[in-house]
Every structure is written in C-alpha cells, then in structure tokens.
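Input: a single structure, listed below in structure tokens.
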Amino acid sequence: MNTKELTNKYIMNTYGRFDLTLVKGDGCILYDENGKQYIDFASGIAVNNLGYNNHAINEAVINQLKKLIHVSNYFYTEPQALLAEKLCKNSFADKVFFCNSGAESVEGAIKLARIYAGKFSKRGYKIIAMQNSFHGRTFGALSATGQDKYHNGFKPLLEGFMHVEFNNLDLVEKLVNGAGGKDYCAVIVEPVQGEGGVNIADKEYIKSLRNLTAENDIVLIFDEVQVGLGRTGKLFAYMNYDVEPDIMTLAKPLAGGLPIGAVLAKDDTANAFEPGNHASTFGGGPLVTTAANAFFDEITKEGFLDEVLKTGDYIKSKLDELKIDFPKFIKDIRSIGLISAIEFHSLKAKDIAVELIKEGFLTTAVQDKILRLTPPLIIKKNEIDLLIESIVNVLNRNYNK
Ligand SMILES: Cc1ncc(COP(=O)(O)O)c(C=O)c1O
C-alpha cells in the first residue's frame, strides 16, 4: 500500500486531506513524492514561520538531541528557563507556563483565569468569548470556540461560555454591567481571528475591551496561537493595538515546527497558580525549547520583522489589485502582516486551493468561501508574484467564461 492508502486504512478519519504526499522542504518550497515543487502559502497552518530546513533551528535541535530530549518538570533545564526569560523580556509577561499545543495553552489560560477569580478578583467562573472564534479541540478550548460546526456531536460542553459578536464592545459591556455581571471572570479574544476567516479586531474595540476588563478586574486573554510571533509583522499581535493583555496564549510557530504551547501572564495573574494546580509531562522539554530559542532568536534579529511588514504591505497591495481586477469573484481582501484572506462571493475556497495545488502552490481554505494565505515569514516578493499569477490563471481558466 502507498502512503495515501495506508493513511486511509489506519488513521482515524478526522481530516479532509488534499491528494498530496509531501516528503521534504527547503526555504518556502515543499516537494512531493514525485519531486514536484510547491511554493508554500500555508506553513503547516501558520507554523513554519521560518520555512523549512532552517539552518539555525536544525543545528540547535541536532546538538540538543544528542544531549537531552526529556527529563520532566521535576527538574530544572536550561533551554526552558532561557526561553521563558526571552518571552517575558520581549513581551508584557512576567511568567510562562509551557505545554504542547495551542488547545492546551487555551486550557491553561482558562484554568489560570478561573483560579485567579476564585482567589483574587472574587468574580464568578464564566468567560466571555467571541462568535466565529477558534481556540482548539479539547473541551475547554472547544467550549470557548464560537463556531457551532465544531461543537456538533460533542455536547454538553464546558459550562459558562457566553459568545458575543466579535468587534462589538456594546455586547461585552451589556454582559459585564448587566445583572449577573459579577459572574464573568475573563474575556478571551483573538486579535485576528485566523480560522474564522482572518477577521482583524479594530483598534478602538481592543482598547475599550482592555479598559472595560481592567476596570472590573476581569482577566483579558489574547489567543495569539496563530498570529503571535511575527505573523502580523509585530512580535506579538497585541503590539498592533497599544494595549497589553493579562494572559496570552502561544503555540504553532514557537518551536520551529516541533509541538509546543505557552501561557504567558503578568505576575498578578500568574501568581494565582501554585504547585499542583497545573502541569504537563512534556511541557517545555529541553528539545522543543531549544528549537524555540533558536526560532525566537531568528525572528528577533534586527530588521527581521521590518522585512515581514514590508512583504506584508506588498502582498496586501497585490491582493487589493486582484480584487479590483476580479470584482465578479472577490468580495473582500483582509490582510495584516503575512496573514491574508481572499473572500469570494460564491466560489468555494477549497476548489481554488485544489486548483492552486495543480499550479504548484499550497494555500488553506478556512471558511467555505475564504482562502487564507499564511506563507513562511521569509517569503519573497517574486514568490508572491507567482502566486498572484496563478490565482489569475485559475480564475480565468475555470470561472471567467
Ligand atoms: C487561535 C487559535 N487558538 C488555538 C488553536 C489550537 O491549536 P492546536 O491545533 O495546536 O491545538 C488554533 C489552531 O488553529 C488557533 O488558531
């Protein structure tokens, strides 16, 4: 049996896969089993921010591999401590908790918010979350997620999540100031809703949300699993908004493609956790944190994020032109840094993604009619030009009749 047949026979049927088996990558290029090349505008769902076969990450991991892979959090390990220091020194946070995925980081954030409420703010256990959000597939993260399609078949979910329209402060205010307002201990929001279709929060909304939550001692959680760590052209997405959250979740790109998650918090929130409250066997192990140190050093090198911003401006201008050229098909373009969405009026994003694979490009369809682009942050302008040319070809060849 070939890889596809083995997968379909032995792996649980939870993914709608493209008909493509990938075997290696270098820079922004991926290769399939027949040696065909693809320019990557997916990055393993916003993970491979430095592309593939990155020298610094490879060297660091190979060295650490020979020294120590795992020991458990009963002991101190240097790579974990150094990574925590870097994350704190470069963000609002004072403390970090390491875990293994985005969903786990959201679980950690929910637990921290609840224990803080019980010990300090004396508020209830309920959490305000956003419609159209995505926070992961474990029960807490799933309950925070504001899209029914992910809930179907799994109810009852974790109690106490109230979903309100994204980018609408009035609705949050009504809950916090209304009868039962004291029941709410936290608000969780993605500054940019990645899975929801690249919906970018307004500056005023985030600022007002920060004021409202601070005034009421409600913990503000930013889920930056998808858009933290350089994706928006800033080191963290909250830096686009001139505010700081109380808790932030990170994952996807942090360890250069190895599994990691992190919960970051200020001391006054983080201090609610005591030994025994929360833990992870693998969380922050020496191998993944070594990779993460190498990744973090690369993206914080002088000029790196300036380039991301420039490339981000370039892709946005090209996509805006595309919309002007194809108003019949393209309804909206949303883009910040190097996360972009092409929203179609009626074309199915998955069909476009399949056509683009034939042309040698990998993209992701997030909602029915929304194609998302999350290239490695090292993508070049000429690679963007090639993608745009191919989208034009796909639209003209298949639909412009
Ligand atoms: C904003 C956000 N939070 C959480 C998650 C869940 O991450 P993971 O798949 O690593 O559990 C995702 C995944 O797409 C995400 O985009």
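Can you tell me which of 152, 132 is within 16 Å of the ligand (Cβ to nearest atom) and under 25 Å from residue 14 (Cα atoms)? When all the criteria are applied, what remains is 132. Taken over the stretch 270-316, the criterion of being farther than 17 Å from residue 56 by Cβ and polar (S, T, N, Q) is satisfied by 271, 277, 280, 281, 311.
If the condition is being away from the ligand (no atom under 13 Å from the Cβ) and small (Gly, Ala, Ser), then the stretch 230-241 contributes 230, 233.
May I ask you to say which residue of 44, 16, 35 is assigned by TED's automatic domain parsing to the domain that holds residue 353 and in contact with a helix residue (DSSP H, G or I) (Cβ under 9 Å, 6 or more places away or on another chain)? After applying the criteria, what remains is 16. Residues that are crowded, with 18+ Cβ neighbours inside 10 Å and over 21 Å from the mean Cα position of the chain (by Cα) were ranked within the stretch 71-106; the one that is farthest from the ligand (Cβ to nearest atom) is 77.
Right, residue 300: surrounded by fewer than 24 Cβ atoms within 10 Å (Cβ to Cβ), over 15 Å from the mean Cα position of the chain (by Cα) and either among the charged types (D, E, K, R) or away from the ligand (no atom under 16 Å from the Cβ) (or both) or not?
Taking the combined requirement at face value, the residue satisfies it.
Of the residues making up the stretch 111-129, at least one is within 16 Å of the ligand (Cβ to nearest atom) and out of contact with any Phe, Trp or Tyr (no Cβ under 7 Å at 6 or more places or on another chain).
When residue 75 is tested against the conditions (1) farther than 30 Å from residue 176 by Cα; (2) not in a loop (DSSP other than H, G, I, E, B), the lone failure is (2).
Can you tell me which residue is nearest to residue 219 (Cα to Cα) among those in the stretch 242-270 that are within 16 Å of the ligand (Cβ to nearest atom) and of a type in the set (Gly, Ala, Ser)?
262
Residues that are within 16 Å of the ligand (Cβ to nearest atom), closer than 19 Å to residue 123 by Cβ and among the β-branched types (Val, Ile, Thr) within the stretch 169-210 comprise 187, 188, 189, listed in sequence order.
The helices (runs of 4 or more DSSP H) found wholly in the stretch 80-178 and carrying at least 1 residues that are closer than 16 Å to residue 190 by Cα occupy 102-116, 139-144, 169-177.
Cβ-Cβ distances below 8 Å connect no pair with a first residue in the stretch 136-150 that is surrounded by 20 or more Cβ atoms within 10 Å (Cβ to Cβ), a second residue that is modelled with pLDDT under 95 and not hydrophobic (A, V, I, L, M, F, W, C), and a separation of six or more residues or different chains.
Every condition in (1) surrounded by fewer than 21 Cβ atoms within 10 Å (Cβ to Cβ); (2) under 21 Å from the mean Cα position of the chain (by Cα) is met by residue 374 except one, and the failing one is (1). Taken over the stretch 144-175, the criterion of being out of contact with any helix residue (DSSP H, G or I) (no Cβ under 8 Å at 6 or more places or on another chain) and either among the polar types (S, T, N, Q) or within 16 Å of residue 226 (Cβ to Cβ) (or both) is satisfied by 146, 147, 152, 166. Within the stretch 389-400, being of a type in the set (A, V, I, L, M, F, W, C), under 15 Å from residue 362 (Cα atoms) and surrounded by fewer than 16 Cβ atoms within 10 Å (Cβ to Cβ) holds for no residue.
The values are calculated or read from the model by the stated rules, or taken from the named source; none is laboratory data. Remember, predicted model here, so these are calculated numbers, not experimental data. As a convention, Cβ positions derive from the backbone with ideal geometry for all residues, glycine included, and neighbour counts pool all protein chains shown.
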